[in-house]
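Reading through the structure tokens given below for one structure.
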Number of protein chains: 2
Amino acid sequence: MTIMFLKRWLVGDPLKSTQAADERLSKTLALAIFSSNAISSVAYATEEILLVLILAGTAAVAWSIPISFAILFLVVVLTISYRQIIYEYPEGGGAYIVARNNIGELPALIAAGALMIDYVLTVAVSVAAGIAALTSAVPSLFEHRVAIGLTAIIFIIIMNLRGVRESGKFFAVPTYFAIGALGVMVAVGGIQALLGQAAPASADPQTTVEDLTLFLILRAFAAGCSAVTGMEVVSNGVKSFRRPEAENASTTMIYMSLILAALFMGISFLASHYAILPKADETIVSQLARLTFGAGALYYALQIGTMLLLVLAANSAFAGFPHLASILARDGYMPRQMATFGDRLVFSNGVVILGIFACFLLVLFHGDTHALIPLYAVGVFISFTLSQSGMVRRWLTKKGPHWRKSLIVNGAGAVITGIATIILASTKFTQGAWIVFLLIFILVLMFRSIHSHYKAVTEQISLTRDHRPPIPQRNIVIIPISGVDQAVIRAVDYARSRPGEIHAVMVDVDMQATARIQIQWAQWGCGVNLRALPSPYRSVMKSLLDYIEQILEKEPDIWVTVVIPEILPAHWWQSILHNQRALFLKTALLFKDRVILIDVPFHLKR
Amino acid sequence: MTIMFLKRWLVGDPLKSTQAADERLSKTLALAIFSSNAISSVAYATEEILLVLILAGTAAVAWSIPISFAILFLVVVLTISYRQIIYEYPEGGGAYIVARNNIGELPALIAAGALMIDYVLTVAVSVAAGIAALTSAVPSLFEHRVAIGLTAIIFIIIMNLRGVRESGKFFAVPTYFAIGALGVMVAVGGIQALLGQAAPASADPQTTVEDLTLFLILRAFAAGCSAVTGMEVVSNGVKSFRRPEAENASTTMIYMSLILAALFMGISFLASHYAILPKADETIVSQLARLTFGAGALYYALQIGTMLLLVLAANSAFAGFPHLASILARDGYMPRQMATFGDRLVFSNGVVILGIFACFLLVLFHGDTHALIPLYAVGVFISFTLSQSGMVRRWLTKKGPHWRKSLIVNGAGAVITGIATIILASTKFTQGAWIVFLLIFILVLMFRSIHSHYKAVTEQISLTRDHRPPIPQRNIVIIPISGVDQAVIRAVDYARSRPGEIHAVMVDVDMQATARIQIQWAQWGCGVNLRALPSPYRSVMKSLLDYIEQILEKEPDIWVTVVIPEILPAHWWQSILHNQRALFLKTALLFKDRVILIDVPFHLKR
């Protein structure tokens, strides 16, 4: 009772199926929900590029501008090619669906596994970066960052269990606030830079740790690729948009890309202009904001906005992960219960599982963004490549109007994201990306074994021409008793409610007790026959099992129903004081094919 | 299957009730089983006395002789007064029974709680001291003492689960070997001392930490009282002796006391004669043996014997604890299942619980005898005092032949053990004995609340004159289905095996699926009616529950039987892929009074 009440209070009342249409999202809400993942990465992407380049000394930092342009190019390519997916798959075209429909099972499962891992990483990285924004402004909170991160994730889980639309409303305000604050910073900073404001006293010259090699530049590019993660989210959620779904989703995707591109390039340029270098205890964005706004209210507003944007960006994974899991469950690659709607028309199971794994990662990596980054983005780029390749295959097979143009767009997308994937995988492999590959491998194995299990079950339980409707059999009801009380009489009452053969049995361990029970039975037994079983081994259980065995030996086709009078205590902790015998009996009879157990509970009041 | 086989292999085949008489013990076996507890304490009792006295400097050690005489006096008093208990309670007269019969419930429960705690401590202290004997001889094993101790306890548990007689045989050889070895040491050492062998170069003079106060001497006495723990064990187990039980038990008790007294006094005298002082890394007995035998084979034989005696002494607690627990369970102060005989006619539950708590203590106190000693013996002395007081009350009420003599014996016993209890409690209180008092308090609360729960249950389920045999009611059988397969047809087959109203119900979430199932049902449904329930909330569960609710609203007195087709996977880890819905349904319907759930399992082969 209490748990149900708590659940209602936390996640709200259940919704009717017919209310589902009202849950559709306007473009404004959809942009807040689906784009926070992609846009929030501007808070750390530039910093991750600089963190790699700085290894080759202060001069190498100049490479951040060409690398940023390369990433801008990726944003453009992904936007154009994903718009085609949105129109082709208005029911929601994640990499899994596109790959499954056009290439085959194995690539589809690889895409699904890769995406699942990246959803978990998105939550962990975003929350970690959000906490970094907070601790840049309030350094004293640094030591509590893991606890703060866990609190944030749990908060997001509860919000998501409340349902899609509420999440949209709840998350729209801070998302737009943060986008606005970052936009103002980039604009003001840009104007100041154009007006010729000089860079502050330059930081100390950095020690050169590595040579500036092509590999290092590619590593910096790979680290920066975290900026484009989350761009696929809109295409997964087309179904959630108001009609016309594809039009609205496509427009939303373009807005998202524009905001992402503007903020990312702005921050990269300003960081380069003011020669800002990464610090252990303050983020690049925080340094930039301090420089632009001073350490006043505007600075703090921006830090809070960035933090909220990042922490809430995790929310887009909470929309995507359970959705993907439910599609996989529907296809038999995940446990069936992942496919069931929760009360609030969201996929509660997926929400909870994602939250647990993200918390686990956050604790494992001590809430450190930089430690998580090498694992990040690899999975997303694998799924980018697979979905673009799927589209290429689709155009080659389907050949609709303008198919050559479409083929070129997705073909270019496939080649470019493919190259990026190879760069990411090769530069990050030894730094942790191998874990991602291993996990993808394990997930694919898991998907396949679940699938083959369900297939085996279907084969075993399906009805074929060889089956005939069963011929009705006799059903003997046995009520084991060890005394005469209300619980026993209730069980007898239940058993008598359908006609047929019934008898109570008791095990004779003590002659006096047996005689006493037989006398009581004459009064209370409702005419049901009572048998006393001998017990040479002093074991009540063994005598009962032997008795049932004998019945089945005589007539192997009959059903034996064992009705157990069970006392249900008023409080769960009293259970240890009851029903040990019933538990033993259930365990012993579980694998007897024609024996069915029935508990008739007697509820205690105190 | 595998677990059953493993169990058989470890604990042997079950025994018939009629074999119980054969399980009776000869005096020789009984002495080994029941006296190892008391006799083994000679391995540490002298050392614990010296460890306290040494705090007041080397000169204070001389007090060990008068203290040893005081303890010898206790041994004599306890032997005489416990013999009277043996004759008065041939069915086994533990402190709990004597106190319950003669004084009242509360003292009886205090005695029971005190004894239970001391049983656990006996196991922990004995095993710790046994390991100390081993590491005195082989110092390199010192760091592994906790692991060795745990292994020993687990070994004893398995041996005990094999049954009483096997335990006796198994333990008799090392017990007698150890008694013999210690006896030879005391004899040889005594002769050498009489022949005037000088003490070795005296140890370094000790720093005086405390003054030699009366309190310190009493503390030393309290520490030495660990020597008499276990003397009550024989009186608890009179029933296990061959006929005439009381005679045999009484004789065994006298032998035990003589051996205990001889060895304890011998070791105390020799330690005093040779001025042996406690060392951190070697026991007193080990030092004494090295002095008497040299570091040869005889020395190692004695250390091994002492170790075996101590480790096996724990075994007497494994006889006593489950016995006490079963008596308490029979009286309704412990969970009922503690009263059931295991396969091997021993009280398996009690054996396992005692073992777990002892392992816990051993780990908590790092296997250190000296750390455990302040908790030890207090409980035993409380139970000594209560049982002697109970006997005093008994003689005053019963007044049989020679009652005055008997009264004086038990009266003296009560007064002397009472004084000893006060000394133990007051000197050890701040050092850890307060934990024992707290635990006794908690245990007594637990006993009473279990008792009052069982009493409340009896009141709630017992049949009175106001009850009438129930009038038979209708029973509607509902089979919830979501498809047509062999598992469903099996459930239908079972339901049809008894006449009456049956219908299958399905929840209509998808019109096409519903239509398909209805067509299949026409072929396979065996003529059972199928109803499609509407599902406005998209929740299968809610629709089903509402339907059942409606039936019960119309006719509150009828039974509703819900037959659930359940798929039982071939491997337990596949369970997560099945039956989530059945589980939800069971949880939801558990508290509906007139709704009975039946699982009809369909066993998968792979």
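The values are calculated or read from the model by the stated rules, or taken from the named source; none is laboratory data. All figures in this text were calculated on a predicted structure; none of them were measured in a lab. Note that each Cβ is placed from the backbone with ideal geometry, even for glycine, and that neighbours are counted across all protein chains shown.
So for region A:591-601 (the condition being under 21 Å from A:A487 (Cα atoms), acidic (D, E) and not in a helix (DSSP H, G or I)), does at least one residue qualify? Yes, region A:591-601 contains a residue that is under 21 Å from A:A487 (Cα atoms), acidic (D, E) and not in a helix (DSSP H, G or I). When B:I450 is tested against (1) at the interface with chain A (Cβ under 7 Å from one of its Cβ atoms); (2) touching a strand residue (DSSP E or B) at 6+ places or on another chain (Cβ under 9 Å); (3) touching a residue at least 60 places away in the same chain (Cβ under 8 Å), just one condition goes unmet, and that condition is (2). B:Q523 meets the conditions (1) within 12 Å of chain A (Cβ to nearest Cβ); (2) in a helix (DSSP H, G or I); (3) buried (at least 16 other Cβ atoms within 10 Å of the Cβ) in every case but one. The failed one is (3). Remark: pairs (first residue in region B:287-310, assigned by TED's automatic domain parsing to the domain that holds B:L182; second residue assigned to a helix (DSSP H, G or I) and charged (D, E, K, R); Cβ separation under 6 Å; 6+ apart in sequence or on different chains) = B:Y299/B:R290.
Within region A:431-445, residues that are within 17 Å of A:F365 (Cα to Cα) reach partners that are small (G, A, S) and in a helix (DSSP H, G or I) with beta carbons closer than 7 Å, at six or more positions or on different chains, in the pairs A:A433/A:A425; A:V436/A:G379.
Applying the condition of being part of a loop (DSSP other than H, G, I, E, B) and not aliphatic (A, V, I, L, M) to region A:56-109 and asking which residue is farthest from A:L396 (Cα to Cα) yields A:G57. Where the second residue is buried (at least 21 other Cβ atoms within 10 Å of the Cβ) and the first is among the acidic types (D, E) and lies in region A:355-370, which pairs have Cβ atoms under 8 Å and are six or more apart or on separate chains? Within 8 Å, the pairs are A:D368/A:A128. Six or more apart or on different chains, Cβ atoms under 9 Å: show the pairs whose first residue is in region B:326-344 and assigned to a helix (DSSP H, G or I) and among the hydroxyl-bearing types (S, T, Y) and whose second is surrounded by fewer than 21 Cβ atoms within 10 Å (Cβ to Cβ) and modelled with pLDDT under 70. So the pair list comes out as B:S326/B:T340; B:S326/B:F341.
For region A:486-512, residues that are within 13 Å of chain B (Cβ to nearest Cβ) and free of Cβ contacts under 8 Å to residues at least 24 places away in the same chain total 5.
Of B:L386, B:L407, B:L438, B:L443, all but one fail to be away from chain A (no Cβ under 14 Å), in a helix (DSSP H, G or I) and loosely packed, with under 14 Cβ neighbours inside 10 Å; the exception is B:L438.
In region B:529-552, which residues are surrounded by fewer than 17 Cβ atoms within 10 Å (Cβ to Cβ) and closer than 28 Å to A:D466 by Cβ? Of everything in region B:529-552, just one residue is surrounded by fewer than 17 Cβ atoms within 10 Å (Cβ to Cβ) and closer than 28 Å to A:D466 by Cβ, namely B:N529. Taking the criterion of being modelled with pLDDT under 90 and crowded, with 24+ Cβ neighbours inside 10 Å, the residues of region B:357-371 that qualify are B:G367, B:T369.
Of the residues that make up region B:488-507, is at least one farther than 21 Å from B:I598 by Cα, modelled with pLDDT under 90 and in a loop (DSSP other than H, G, I, E, B)? No, there is no match, as no residue in region B:488-507 is farther than 21 Å from B:I598 by Cα, modelled with pLDDT under 90 and in a loop (DSSP other than H, G, I, E, B). Taking (1) part of a helix (DSSP H, G or I); (2) at pLDDT 90 or above in turn, A:A513 satisfies each apart from (2). Scanning region A:460-483 for residues that are more than 9 Å from chain B (Cβ to nearest Cβ) and at pLDDT 90 or above gives A:I476, A:I478, A:I479, A:P480, A:I481. So if I check each of B:I548, B:I564, which one is outside any helix (DSSP H, G or I) and more than 9 Å from chain A (Cβ to nearest Cβ)? When all the criteria are applied, what remains is B:I564. Every condition in (1) surrounded by fewer than 17 Cβ atoms within 10 Å (Cβ to Cβ); (2) assigned to a helix (DSSP H, G or I) is met by B:P401 except one, and the failing one is (2).
Give A:F602, A:F591 a once-over and let me know the one that is at the interface with chain B (Cβ under 10 Å from one of its Cβ atoms), in contact with a strand residue (DSSP E or B) (Cβ under 9 Å, 6 or more places away or on another chain) and either polar (S, T, N, Q) or surrounded by fewer than 16 Cβ atoms within 10 Å (Cβ to Cβ) (or both). Step through it out loud before you land on a result.
Working: A:F602 fails: either polar (S, T, N, Q) or surrounded by fewer than 16 Cβ atoms within 10 Å (Cβ to Cβ) (or both).
Result of the check over A:F602, A:F591: A:F591.
Residues of region A:327-341 that are surrounded by fewer than 20 Cβ atoms within 10 Å (Cβ to Cβ), more than 9 Å from every other protein chain (Cβ to nearest Cβ) and at pLDDT below 85: A:A339 alone.
The set of residues in region A:553-582 that are of a type outside the set (G, A, S) and loosely packed, with under 14 Cβ neighbours inside 10 Å comprises A:E553, A:K554, A:E555, A:P556, A:D557, A:H571, A:W572, A:W573, A:I576.
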